[in-house]
Amino acid sequence: MARKAVVNRGKCAYCGACVAVCDFFALELVETYLEINENCNGCSICVKVCPMGALSLVEV
Amino acid sequence: MFDVIVVGAGPAGSMAAKTCAENGLKVLLIEKRQEIGTPVRCAEGISKQGLKRFVEIDRKWIAAEVIGAKIYAPDGTEITMAEEMAGNEVGFVLERKIFDRHLARLAAKAGAEVIVKTAFISFERRDGRLKVKMRRMGEEWEVETKILIGADGVESKVGRMAGIIRTLRKSEIESCAQYLMSNVEIDENYTYFYLGNELAPGGYAWIFPKGNKCANVGIGVLPSKAKANAKYYLDKFIEKFGIEGKIVELVCGAVPVYGEIETAVSDNIMLAGDAAYHSDPITGGGIANALCAGYYAGKVAYEAVKKNDFSAGFLRKYDELWKSDFGWKLRRNKKLQEFFLKLDDQTLNSLAKSISGRNIKEMSVQAIIVELLKSNPHLVDLIKNLLI
């Protein structure tokens, strides 16, 4: 089963840390709104760097 | 067609746009957010020197002035770095919301076009120029430019698309969380830094006064060393030190602690500020370098337009300028950071004890290193080897 990052918008503080570490252009901070696209391969580095614990991986 | 398009209206971008405009270039400054300066992603501290070089001080965006810094080892040993004389303030704590807007206005006043709620999407090189695709208030918009300056922050899309920077690793980024707290009881003449592998793995916690008993209380941790997220460590820090006060704002951010990149340019493109990983690997400070880089990028853009040469070869002039100004310091501090990261709490305590009570007059990394070497001769060779 593949895994993919999801964002909890209630926790996200729009800092862009996740975007800065993503090797796959899978995350984008659109204004103050984080978008995650299909490029995500579930590597989990974004989960690790998020200061708020707003990102997690889910099975897809 | 523009001479220059600047992506990102933070300190680097606004300074670049202002410099371009002052030199008569046709410049467009775009900001993806609808409001410049928010949400803030910064602890807001800057040295007086670093600020005064490029901006005329305006009280409207100075939240507090400090005469020095106090650093605390894990066991509480205190190191004080301070000017002895009142009136010799060495640092400022800014109100970035107002500061960033002020800088953007200066750029606009100098003649730059400023457009908010407009994001950079992509670029295409054509006949020595760039076609830049943007999303302006939800609509696609394409414009030609001779030069593109990426001042689009730690998450720089310009830098990654141009292949100038690579993605940061877990050991190259500080993950930061901060509260603006009211009713914080501290001596507002100082900024405070707290070290410790348990307290803030690979980073430090800070308290920066913002006037009227308010303070930025924050923490940065290195994800390669941390066992939990930054907010977790921040809450623990506040609990441990019994910092009372109401949380009136939450700020998050990521600070590149990469060191000096090889080059910040490619054909038609320059990067400035966090986009070029210009923040300091030890202090995390980035505003002064961003202002400086933005200024130089603007200057070189002007020369490039005058010579009609937008090749990476020509733009390397910009590399020379920022590297000889502060790039060498990023390189040095990256090495020092790697050295400090290896120290356990016990060693940090004993090093702090060796210089505690000293009268360190200058607020700089260098001043601390000099004092450490005076008291710890066994480190001299080590540090020397490190820095060669």
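Think of chain B as having a plus end and a minus end, set by charges on the Cβ of Lys, Arg, Asp and Glu; of B:GLY8, B:THR80, B:ALA352, B:GLY8 sits farthest toward the positive end of this dipole.
Judged by the gyration tensor of its Cα atoms, with axes a ≥ b ≥ c, the stretch A:3-59 is rounded; a/c sits under the 1.5 cut. If I fit a long axis through the Cα atoms of helix B:11-22 and take the longest principal axis of the Cα atoms of chain B, what angle between them do I get, 0 to 90°, rounded to 10? It is inclined by approximately 40 degrees. How big is the charge dipole of chain B about its Cα centre, in debye rounded to the nearest 20, if each Lys and Arg gets +1 on its Cβ and each Asp and Glu gets -1 on its Cβ? Dipole of chain B, to the nearest 20 debye: 820 debye. Working note: Karplus 6.51/-1.76/1.60 with θ = phi - 60° gives the stretch B:62-79 the couplings 9, 7, 7, 10, 10, 9, x, 9, 10, 10, 10, 6, x, 8, x, 4, 9, 10 Hz, where Gly and Pro are set to x. Our note on the geometry: Cα centres of the stretch B:341-376 and the stretch B:115-146, 49 Å apart. The C-alpha atoms of chain B define a longest principal axis, and helix B:328-341 lies at about 40 degrees to it.
Figure the gain on full extension for B:ILE383 and B:ALA367 (residue separation times 0.36 nm, minus the Cα-Cα span) and round it to one decimal in nm. Between B:ILE383 and B:ALA367, full extension yields 4.4 nm more.
How about the stretch B:59-148: which trypsin sites (Lys or Arg not before Pro) there lie in a loop by DSSP and see at most 16 other Cβ atoms within 10 Å? Passing sites in the stretch B:59-148 are B:LYS117.
Would you please name the GluC sites (Glu not before Pro) within the stretch B:148-199 that are DSSP coil residues with at most 12 other C-beta atoms within 10 Å of their C-beta? Write down the numbers at each step before the final one.
Details: sites: B:GLU155, B:GLU172, B:GLU174, B:GLU185, B:GLU188, B:GLU198; in loops: B:GLU155, B:GLU172, B:GLU185, B:GLU188, B:GLU198.
Passing sites in the stretch B:148-199 are B:GLU185, B:GLU198.
Is the stretch B:102-150 best put as rounded, prolate or oblate by its Cα gyration tensor, with a ≥ b ≥ c the root eigenvalues, rounded for a/c under 1.5, and otherwise prolate when a/b is larger than b/c, oblate when not?
Values: a/c = 2.79, a/b = 1.42, b/c = 1.96.
Cα axes put the stretch B:102-150 in the oblate bin.
Isolated cysteines of chain B, defined as having no other cysteine beta carbon under 4.7 Å away, are B:CYS20, B:CYS42, B:CYS176, B:CYS214, B:CYS292. Angle of helix B:345-355 to the longest C-alpha principal axis of chain B, folded into 0 to 90 degrees and rounded to 10: 80°. The modelled label-to-label distance between B:TRP141 and B:LYS240, using points 7 Å beyond Cα along the C-beta direction, is 4.8 nm. Which residue fluctuates the most in chain B, going by a Gaussian network model with Cα springs under 10 Å, if the choices are B:ILE98, B:ILE149, B:ILE269? Answer for the Gaussian network model of chain B: B:ILE98.
Karplus-derived 3J(HN,Hα) values for the stretch A:46-60, using 6.51 cos²θ - 1.76 cosθ + 1.60 with θ = phi - 60°, are 5, 4, 5, 8, 5, x, 9, x, 8, 10, 8, 9, 10, 6, 10 Hz; glycine and proline are entered as x. Working note: Karplus 6.51/-1.76/1.60 with θ = phi - 60° gives the stretch B:364-379 the couplings 8, 4, 4, 4, 5, 4, 4, 5, 4, 5, 4, 8, 10, x, 5, 8 Hz, where Gly and Pro are set to x. Helix content alone sets the calculated 222 nm mean residue ellipticity of chain B: runs of n ≥ 4 DSSP H residues at -39500 (n - 2.57) each, divided across all residues, give -10000 deg cm²/dmol. Evaluate E = 1/(1 + (r/R0)^6) for B:LYS353 and B:GLU185, where r is the Cβ-Cβ distance and R0 equals 25 Å; express this FRET efficiency to the nearest 0.05. So the FRET efficiency works out to roughly 0.40. Relative contact order, whole percent, for the stretch B:266-319 stands at 45, derived from Cα pairs under 8 Å and 6 or more residues apart. The amide H of B:GLU174, built 1.01 Å from its N in the peptide plane, has B:VAL255, B:VAL257 as neighbours under 5 Å, considering only residues 5 or more places off or on other chains.
With an a/c value of 1.5 or above and a/b larger than b/c for the gyration tensor axes a ≥ b ≥ c computed over the alpha-carbon atoms, chain B is described as prolate.
Please arrange B:HIS278, B:HIS378, B:HIS102 by how many other C-beta atoms lie within 10 Å of their C-beta, fewest to most.
Values: B:HIS278 29, B:HIS378 7, B:HIS102 19.
So the ranking, lowest neighbour count to highest, is B:HIS378, B:HIS102, B:HIS278.
The DSSP beta bridges internal to the protein assembly as shown are antiparallel in roughly 75% of cases.
FYI, it's all coordinate maths here, none of it is from the lab. This one's a predicted model, so the numbers in the text were calculated from it and none came from an experiment. Cβ atoms come from the backbone with ideal geometry, glycine included; neighbour counts cover every protein chain shown.
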